[in-house]
Protein chains: 2
Amino acid sequence: MLLHQLPTPAGVIDAERLRANAQALPARLAAHGVRLRPHVKTPKCLEVARLQREAGAAGITVSTLREAEAFFADGWRDILYAVGMVPAKLPRVLVLRQAGCDLKVIVDSVAAARAVAEASRSAQAPIPALIEIDTDQHRAGVAPEAAELIDVGRALHEGGAVLHGVMTHHGGSYAESTPEGLAAAAERERSRCVRAAERLRVAGLPCPVVSVGSTPTAWGAGQWTGVHEVRAGVYIFNDLVMCNIGVARPEQVAFSVLASVIGHQADKGWVLVDAGWMALSRDRGTQSQAVDHGYGAVCDAAGQLLPGWAVTAANQEHGTITCAGADAGPHGPALLERFPLGSLLRILPNHACATAAQFDRYAVLHGQDVQATWSRIHGW
Amino acid sequence: MLLHQLPTPAGVIDAERLRANAQALPARLAAHGVRLRPHVKTPKCLEVARLQREAGAAGITVSTLREAEAFFADGWRDILYAVGMVPAKLPRVLVLRQAGCDLKVIVDSVAAARAVAEASRSAQAPIPALIEIDTDQHRAGVAPEAAELIDVGRALHEGGAVLHGVMTHHGGSYAESTPEGLAAAAERERSRCVRAAERLRVAGLPCPVVSVGSTPTAWGAGQWTGVHEVRAGVYIFNDLVMCNIGVARPEQVAFSVLASVIGHQADKGWVLVDAGWMALSRDRGTQSQAVDHGYGAVCDAAGQLLPGWAVTAANQEHGTITCAGADAGPHGPALLERFPLGSLLRILPNHACATAAQFDRYAVLHGQDVQATWSRIHGW
């Protein structure tokens, strides 16, 4: 099958770009002596994760237990579920562990630690847990200097669970856009998480693993002293948010949405496509960044960026494409001639995690050839 | 199964509210002598559409050909595909029509009309098409007074297709929030679409059907002279955008997201739940309205609104709930006591179409009982 035979809208992967992305980041990290534990929540795709394994990944990070179950069934054993654990989810964790999956969970409170410890004791099967550290006041986690950190550690270690280490995600790194800013964010992430590990060790608690990361800090960090593993997800696809942050270029974005031109408002300079927010997602992650790409930047069918063109409005199944807000592009017959009815465009995503989630499968392209269809894991 | 046994996050339907919503709008329209053609793009669910059929719907509107195929397989025959037709999608239309589905398409250009006419001639199977009318300068459609309107009509009628009528969606109605504003928007929608029909008829062309609508104008219109059918979708679930517009109340919102409390930043007044944007969508439809509900308004597990509480930040699998921006709610131990780890909350959606799309199934609740699981149609 060829690209132009795909029903639109379609989520497409550029296989060459994907392979290059899969290899570049682990190569950089290996040179610094730190391992990558890819966060598979971006593609949620078995075949993509196999490429990541070929590139050296021995373990993965997941965002749902559904992912843990699917990737374990595909042969992954070392899996970190990186969303705070609650009592009701522990039975599913135990089922996976009893089946041979080395699933690890995270906690950031004494209450959650006690629940994990109690489940461990009841099942006589110690569950390994990492303590989530708050390194940027951004979301979850225990502050590195908080007294509660030691309490959480004790609740795990003395309660019957395994205190496996500490982990953090410095989401604040997404606000950076210079090498200096990224390096500083990465250093805050590293130093604060390492500090938490040291406090646990000084308190006589084990803390074998320090796990940090995000795609921006994985590319931006200068050093990883005291860190054992880096988690990054979006690096495998890249997206416009990463381009604005400065850790990717548009020609490295491996996932895009193929769309058909379904109409025009030629007098206004509008091209209408069949990729609305159902295909692109409502993510407007570039809105607050240096270059606002609306709901996505527009490429021709071959994936070449059309500078200035963006999806500037979106309804459920309609996207409106304009050039620099319709000021700069052609109008009238010239617009119809440039983008005829039925012609194909590709839209680069603001946020690959959000846009890819709108599809249940990927068409995998080598040039114009659709060489495979890969499924996505959906739901919880 | 009971509500608290559902894995979270979960998309849940309140069956009583759903039934009430299914009946109220068609009853109002029947009293005005106009029929409802529900837009099933909101729930995308066979069981919900069956309730709409029981409430009098003889035909439906769909936003994808995937929906058309699924609803036809479930016994619907009269289906309008309400996104502009392009040549590459016509073979799927013909397959459905040849199987007995009375599928209708829409066009808003001579180029699209010619493509539909040509496919009709080639297949010796005239395809019925409605001309989309632009009544609010908002998206697609031919202006009611445009010379092109007659050209499009002729291209269909003389080219071998069936000119079935005109249709419009006055998306501008979403900007209204008063009965007067809604009535005026509805009257613009009605009068401009009827005007287009009259122009076609004066030109000697057939125009049996005038189809208008949206949930705001379906509730807001004073009269439908010249209109044959009203299309509305979100009325079946309702959402916070509809509440702000003034056509629904929170206790009429039939779809919500069940979430678990997974942590706190108690000093900041933050409650973290496992419904992030993957569950809630990135839709921020209330941002520009009178009451901004963030990523959704918060209810207790029974569906009672907690006034002032909203999801004010969202990451992929994390939602941050605060009370009036964390100013008004409890902090510290009082917050932990009010929202213990693992406790359940329900989030009302800004935009039901977008939030429901994040789920592949619905848990259907009668009170606290999960009485059924209904699937959603996904993809294109």
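The values are calculated or read from the model by the stated rules, or taken from the named source; none is laboratory data. As the structure is a computational prediction, the values presented were derived from the model and not from experiment. Note: ideal-geometry Cβ built from the backbone for every residue, glycine included; neighbour counts use all protein chains shown. To get the accessible areas, we keep the full protein, side chains included, count just its heavy atoms, and leave off ligands, DNA and RNA. Shrake-Rupley method; radii C 1.70, N 1.55, O 1.52, S 1.80 Å.
Structural remarks
- Taken together, the residues in the range A:98-118 that are surrounded by 23 or more Cβ atoms within 10 Å (Cβ to Cβ) and within 14 Å of chain B (Cβ to nearest Cβ) amount to 10.
- Of the helices (runs of 4 or more DSSP H) lying entirely inside the range A:17-107, the ones with 2 or more residues being touching a residue at least 12 places away in the same chain (Cβ under 8 Å) and acidic (Asp, Glu) are found at A:46-54, A:65-73.
- The residues of the range B:185-206 that are open to solvent by less than 40 Å² (accessible area, probe 1.4 Å) and within 22 Å of the chain's Cα centre (by Cα), listed by number, are B:Ala185, B:Ala186, B:Glu189, B:Arg190, B:Cys193.
- Residue within the range B:296-315 that is free of Cβ contacts under 8 Å to residues at least 40 places away in the same chain, β-branched (Val, Ile, Thr) and open to solvent by 10 Å² or more (accessible area, probe 1.4 Å) present: yes
- Candidate set from the range B:51-84 (those that are crowded, with 16+ Cβ neighbours inside 10 Å, more than 20 Å from B:Val210 (Cα to Cα) and of a type outside the set (A, V, I, L, M, F, W, C)); member that is nearest to the other protein chains (Cβ to nearest Cβ): B:Thr64
- Count of the range B:272-295 residues which are open to solvent by 10 Å² or more (accessible area, probe 1.4 Å) and among the acidic types (Asp, Glu): 1
- Verdict on B:Arg35 being under 15 Å from B:Glu229 (Cβ atoms) and among the basic types (Lys, Arg): yes
- Of everything in the range B:120-141 that is out of contact with any strand residue (DSSP E or B) (no Cβ under 6 Å at 6 or more places or on another chain) and not in a loop (DSSP other than H, G, I, E, B), the residue that is most open to solvent (accessible area, probe 1.4 Å) is B:Arg121.
- Looking at the range A:195-304, the strands (runs of 3 or more DSSP E) lying wholly inside it that each contain 2 or more residues that are within 11 Å of chain B (Cβ to nearest Cβ) sit at A:255-265, A:270-273.
- Residue, nearest to the other protein chains (Cβ to nearest Cβ), within the range A:1-40, restricted to residues that are under 11 Å from A:Ala232 (Cβ atoms) and basic (Lys, Arg): A:Arg37
- The residue of the range A:357-374 that is most open to solvent (accessible area, probe 1.4 Å), among those that are within 11 Å of chain B (Cβ to nearest Cβ) and in contact (Cβ under 8 Å) with a residue 60 or more places away in the chain, is A:Arg361.
- Scoring A:Pro216 on the criteria (1) open to solvent by 10 Å² or more (accessible area, probe 1.4 Å); (2) touching a Phe, Trp or Tyr at 6+ places or on another chain (Cβ under 7 Å) leaves a single failure, condition (1).
- Any hit, the range A:153-173, residues being crowded, with 24+ Cβ neighbours inside 10 Å, modelled with pLDDT under 95 and part of a helix (DSSP H, G or I): yes
- Among (1) crowded, with 17+ Cβ neighbours inside 10 Å; (2) closer than 24 Å to B:Asp283 by Cβ; (3) away from chain B (no Cβ under 12 Å) - the single one A:Cys323 does not satisfy: (2)
- Among the residues of the range B:332-351, those that are crowded, with 17+ Cβ neighbours inside 10 Å and either among the β-branched types (Val, Ile, Thr) or away from chain A (no Cβ under 11 Å) (or both) comprise B:Leu335, B:Phe339, B:Leu345, B:Arg346, B:Ile347, B:Leu348, B:Pro349.
- Filter pass, A:Pro144 being more than 30 Å from A:Gln289 (Cα to Cα), at pLDDT 95 or above and not in a helix (DSSP H, G or I): no
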